[in-house]
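Contents: one structure, followed by commentary.
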Amino acid sequence: MAPKKPLCLPALLLPLLTLLLPQAGTRSFVVDRENDRFLLDGAPFRYVSGSLHYFRVPRVLWADRLYKMRMSGLNTVQFYVPWNYHEPQPGVYNFNGSRDLFAFLNEASLANLLVILRPGPYICAEWDMGGLPAWLLQKSDIQLRTSDPAFLAAVDSWFKVLLPKLYPWLYHNGGNIISIQVENEYGSYRACDFSYMRHLAGLFRALLGDRILLFTTDGPEGLKCGSLQGLYTTVDFGPADNMTKIFGLLREYEPHGPLVNSEYYTGWLDYWGQNHSTRSILAVTKGLESMLKLGASVNMYMFHGGTNFGYWNGADEKGCFLPITTSYDYDAPISEAGDPTPKLFALRNVISEFQEIPLGPLPPPSPKMTLGPLTLQLDGDLLAFLDFLCPQGPISSILPMSFEAVKQDRGFVLYRTYLTYTVSEPTQFWVPNNGVHDRAYVMVDGVFQGVLERNMKHQLFLMGKVGAKLDILLENMGRLSFGSNSSDFKGLLEPPVLGQTVLSQWLMFPLKIDKLVKRWFPLQLKKRSHPQVPSGPTFYSTKFPILGEGGDTFLSLPGWTKGQVWINGFNLGRYWTKRGPQETLYVPRPLLFSRGALNKITLLELENVPPQPQVQFLDRPILNSTLHKTYIYSLSADTQGASEPMELSGH
Ligand SMILES: CCCCNC(=S)N1C[C@H](O)[C@@H](O)[C@@H](O)[C@H]1CO
C-alpha cells in the first residue's frame, strides 16, 4: 500500500488534497467518545500493538520481525522516529538504507499492520540524547524541549521536511498511520513549557491536517505537564503498577474515549554495570489480560527490542553515569535475535482470547552458528594510525575543547599536550568538576597509564620527562536520554591538573575510526609503526571463512576488557566484558559472508588485551553475567578519592 507521493502543497491546500487521494473519503480512524472506543472505518476497533524500532534492526530483517509480530496476534506496530538518525548535520537529511523509514512503513503495510508513529522531536527510547541531534548543543546555552526560539527553529526545520513526507501515509489518505504522538513523556521533563507543546501541536496540525489523531503519552506523574487540550491523552505503565489507579487518573484528563496504555512494559532496559533486567511472564500476561478485559487499547513496549549498534545507545544518570548496553533485548517477547520466546506464546494466548489471530505457526528460532576460537592479530596501537584517523589534522586551543566544539557527535576524540617540565615522582593526574565525559584512556609517550571515568573515583599518578607526550583518548559513552540534564556535553570539559599544575595548550584530534575500519576492510593498511607492547587503545583483527550457510551468532570476547567491534566494516557496537552484564554481542547472519568467503572482525580494545587475543562465536546470548563488583562505585562530591564499591539498586 505505497500511497502516491503528494505534491509539496501549502498546508491550506492539504484538506483539498485528501479528497484527491485514492480511497481518501472512505477511510477513517477516530475516537468515539460516546462509547469509549476507537472506530476504524466506522467500526469499533481496539489496537493490540507492539513497539519495534527500525533503527535497531538491520533493514534486511524488518520484514521477518514484522511478520512475527503479526503472527503473534498484533494488529498494529508502534515506533519512534529518531531525529538524530535522519539529520546528521543541520540541513543534511538521510532516509536511505537502514534509515528508509518509508520502506519500513511499507513493510508494516505488507505485514498487514497499522502504525502508531512517534516522531518526537524528543523520543527517549534509551537512544543517544533521546533522539535529539547532538549538533543542537553547538549553541551551548540552548534550552532543549522548550519554546527557546533556537530550539524551535531547528524543530520546525526538521518537521517541515519529515511531516509532509508522512502525510500520504496517514490512514485516511490511504496509508497505515492511524495516530501520531506529540513529544514523549513531556510531563516527566523539568520545563513544563505549555507554549512549547502548543507550538508542536500547531505545527503537526498545519503539516498533517486536522483528521489525524494526535496524542500524548505520560507516566501517571506526568499527566499534568504532558497533556494538552486537543491532543488525546494516554498513559504508560508496567505490570507491577496499579492499573486501576492509573486509568482512574487518566479519566481525569480523558473522561470519555478509549483507555490507552501506550507503553506497557514487557521487560526493561539494561545498563552497563547493573544487573540484567527481566519481567516475569506471569506478571506481564496478567496485566495485559486485565487491560484487554477493560476494552483498553495497548501497545507493548518493547515487543522486539533489537540492538544499539554503533555508538547509538543513550544513558541515564542516577548518581553514577549509566550507559545503556549494546543489547536492547529488553527481555521482550521477540528476542534480540528475532526468536519467539515463551513470553511471546503466553501473550499470544492472551490476545487470542480477545481477538482473532492469524492462522498458522510462528516461525521457529532462526539457525544459530558457533565458530572459533579465532586468534586475532595485533594491527597496532591507535596512536599509530592518527594520520589516517584524523586526516585533517588537530585543532589547537589553550584549553581543551568539547566534542560539540570540534563538531564530533559521537565516538572518540584524542586530546594531546606536552609536559613543559619533568615530573620525576608519581604525581596525581585528575580532571576537576567531574570534567571527564565520559571515559578517558591516558597515555604518556604512548604507554597506557590507566582510566578516568565520569562520576567515578579513579586516581591516576603520572611521571614523565619534559617534552613527553600526554595523550588522552576521550570516549563518548552515549548521551543522556532521560532526565533533566538534557544538554549532555561530551569530552574533556575542564583542563586536567597534574599535581598543582593546570595543563594547557591542547591539540584535539576528532577521530573518524569507522571510516578507517571501513577502509581497512578489505584493504589492510600498512602498519604505521612497530606495534608496542599491546596496552591501551589498540586495534586487533583477523579474517575468517564460514564454510556452510552459517546463521545468527553471538560474539564472545573472553578476557577482553572494553572496546568496539566491527564485522565486515559494520560497527556492531560496544563491548564491556569486564563490567557486564552483557558478555556477548548479537551478530545478525546477514552481516556475514558464507560458503568460504572471508569475513573480517576488527576490535578496538581500549584498556587491556588478554594474554590469548581470541574471540568466539556462540549459539546463544549471555546478557546476565555476574557483575564484577569492583566496577560499581558510589558517587561522591569530589569523585577523586577512592571509595568503597557498592551495588546500585536495580530496577
Ligand atoms: C530509566 C528509564 C528512563 C525513563 N524511560 C521510561 S520510563 N520509558 C518511557 C519512554 O517513553 C520510553 O521511550 C523508554 O525510555 C521507557 C523505558 O524503556
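The values are calculated or read from the model by the stated rules, or taken from the named source; none is laboratory data. Everything numeric in this text was worked out from a predicted model, so none of it was measured. Reconstructed Cβ throughout: ideal geometry from the backbone, glycine too, with neighbour counts over all protein chains shown. Quick note on the areas: whole protein, heavy atoms, side chains included, nothing else; ligands and nucleic acids left out. Shrake-Rupley method; radii C 1.70, N 1.55, O 1.52, S 1.80 Å.
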Inset, instruction - Take the range 457-481 and flag every residue that is under 32 Å from the mean Cα position of the chain (by Cα) and of a type in the set (Gly, Ala, Ser). - result: GLY478, SER481
Inset, instruction - Report, by residue number, each residue of the range 315-334 that is small (Gly, Ala, Ser) and buried (at least 24 other Cβ atoms within 10 Å of the Cβ). - result: ALA315, SER327, ALA332
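Considering only the range 138-158, how many residues are under 26 Å from TYR328 (Cα atoms) and either of a type in the set (Lys, Arg) or within 13 Å of the ligand (Cβ to nearest atom) (or both)?
Here is the first cut: in the range 138-158, the residues under 26 Å from TYR328 (Cα atoms) are 144-145.
Next cut, either of a type in the set (Lys, Arg) or within 13 Å of the ligand (Cβ to nearest atom) (or both) only: 145.
Residues that pass the stated criteria total 1.
One line per residue, one yes/no per condition, for (1) modelled with pLDDT of 95 or more; (2) within 30 Å of PRO220 (Cβ to Cβ); (3) buried (at least 20 other Cβ atoms within 10 Å of the Cβ); (4) among the basic types (Lys, Arg):
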| position | (1), (2), (3), (4) |
| --- | --- |
| ARG99 | yes, no, no, yes |
| ARG118 | yes, yes, yes, yes |
| MET129 | yes, yes, yes, no |
| ALA134 | yes, no, yes, no |
| ALA154 | yes, no, yes, no |
| LEU166 | yes, yes, yes, no |
| ILE177 | yes, yes, yes, no |
| ASN184 | yes, yes, yes, no |
Inset, instruction - Would you be able to say whether some residue in the range 59-67 is buried (at least 24 other Cβ atoms within 10 Å of the Cβ) and at positive phi? - result: no
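Yes or no, residue by residue, for (1) farther than 30 Å from LEU592 by Cβ; (2) aromatic (Phe, Trp, Tyr); (3) in the same structural domain as VAL587 (by the TED database):
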site: SER396; (1), (2), (3): yes, no, no
site: TYR415; (1), (2), (3): yes, yes, no
site: ASN434; (1), (2), (3): yes, no, no
site: ALA440; (1), (2), (3): yes, no, no
site: LYS457; (1), (2), (3): yes, no, no
site: LEU460; (1), (2), (3): yes, no, no
site: ALA468; (1), (2), (3): yes, no, no
site: ASP471; (1), (2), (3): yes, no, no
site: ASN476; (1), (2), (3): no, no, no
Inset, instruction - Mind listing whichever residues of the range 297-333 are within 24 Å of SER179 (Cα to Cα) and β-branched (Val, Ile, Thr)? - result: VAL298
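Listed here are the residues, each with its yes/no results for (1) within 25 Å of the chain's Cα centre (by Cα); (2) in the same structural domain as GLU254 (by the TED database); (3) not aliphatic (A, V, I, L, M).
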position	(1), (2), (3)
ALA154	yes, yes, no
LEU162	yes, yes, no
HIS172	no, yes, yes
GLU185	yes, yes, yes
LEU214	yes, yes, no
Inset, instruction - Say whether the condition of being within 16 Å of the ligand (Cβ to nearest atom) and either of a type in the set (Lys, Arg) or part of a helix (DSSP H, G or I) (or both) is met by at least one residue in the range 89-111. - result: no
Inset, instruction - May I ask you to say which residue of ALA283, ALA346 is in contact with a helix residue (DSSP H, G or I) (Cβ under 6 Å, 6 or more places away or on another chain), modelled with pLDDT of 95 or more, assigned by the TED database to the domain that holds PHE38 and surrounded by fewer than 18 Cβ atoms within 10 Å (Cβ to Cβ)? - result: ALA346
Inset, instruction - Mind telling me which of the residues LEU231, LEU223 ends up being open to solvent by less than 30 Å² (accessible area, probe 1.4 Å), outside the structural domain of PRO581 (by the TED database) and touching a Gly at 6+ places or on another chain (Cβ under 9 Å)? - result: LEU223
Inset, instruction - Of all residues in the range 287-321, count the ones that are part of a helix (DSSP H, G or I) and either within 13 Å of the chain's Cα centre (by Cα) or not polar (S, T, N, Q) (or both). - result: 6
Inset, instruction - Give me the pairs, please: first residue somewhere in the range 383-395 and farther than 15 Å from LYS515 by Cα, second residue anywhere and open to solvent by 60 Å² or more (accessible area, probe 1.4 Å), beta-carbon distance under 6 Å, and either six or more positions apart or on two chains. - result: ALA384/ARG528
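Run down VAL565, VAL517 and say which single residue is at pLDDT 95 or above and not in a loop (DSSP other than H, G, I, E, B). First the steps, then the outcome.
Details: VAL517 fails: at pLDDT 95 or above.
On inspection, the qualifying residue turns out to be VAL565.
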Inset, instruction - Tell me which residues, restricted to the range 273-318, are within 11 Å of the ligand (Cβ to nearest atom) and farther than 30 Å from ASP36 by Cβ. - result: GLN274, SER277, GLY305, GLY314, ALA315, ASP316, GLU317, LYS318
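Restricting to the range 234-261, and then to whatever is of a type in the set (Ser, Thr, Tyr) and open to solvent by 20 Å² or more (accessible area, probe 1.4 Å), can you tell me which residue is nearest to the ligand (Cβ to nearest atom)?
Going through the qualifying residues, I end up with TYR253.
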Inset, instruction - Sort out which residues of the range 193-220 are more than 16 Å from the ligand (Cβ to nearest atom) and touching a Lys or Arg at 6+ places or on another chain (Cβ under 9 Å), and write them in order of number. - result: ASP193, TYR196, LEU203, LEU207, ILE212, LEU214
Inset, instruction - Report the residue count in the range 118-137 for those that are more than 9 Å from the ligand (Cβ to nearest atom) and assigned to a loop (DSSP other than H, G, I, E, B). - result: 6
Inset, instruction - Could you tell me whether the range 319-329 includes any residue that is more than 16 Å from the ligand (Cβ to nearest atom) and touching a residue at least 60 places away in the same chain (Cβ under 8 Å)? - result: no
Inset, instruction - Of all residues in the range 402-427, count the ones that are open to solvent by 50 Å² or more (accessible area, probe 1.4 Å) and not aromatic (Phe, Trp, Tyr). - result: 7
Legend entry - Residue match in the range 210-219 (condition: of a type in the set (Lys, Arg), buried (at least 17 other Cβ atoms within 10 Å of the Cβ) and under 22 Å from ILE116 (Cα atoms)): yes
